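The values are calculated or read from the model by the stated rules, or taken from the named source; none is laboratory data. These numbers come from a predicted model, not from an experiment. For the accessible areas, the whole protein counts, side chains as well, though only heavy atoms, and no ligand, DNA or RNA atoms are used. Shrake-Rupley method; radii C 1.70, N 1.55, O 1.52, S 1.80 Å.
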Amino acid sequence: MNCSCYQEAYDVLVRGNDGILPDLYEVAGLTVADQPVAPALPLTVADVVALALVEMSTQPALGWRS
């Protein structure tokens, strides 16, 4: 399955596993459209989780305004 970002890929993994994150060493079987170059090895669930966290950390924070 092709996803538009790592957050979407993470959501697909959890939704496809009835709300539970699959085994971190399991191959995710997902591709991400914004990924500049396909990795030589398939992405594992751990890769998707790590890349989603990095992706989310680069987004501006919402909710708190001074």
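At-a-glance table
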| quantity | calculated |
| --- | --- |
| By accessible area with a 1.4 Å probe, ligands and nucleic acids excluded, highest first: order of L13, L53, L21 | L53, L21, L13 |
| Extension reserve of the I20-A33 stretch, reckoned as 0.36 nm per residue once the Cα distance is removed | 2.3 nm |
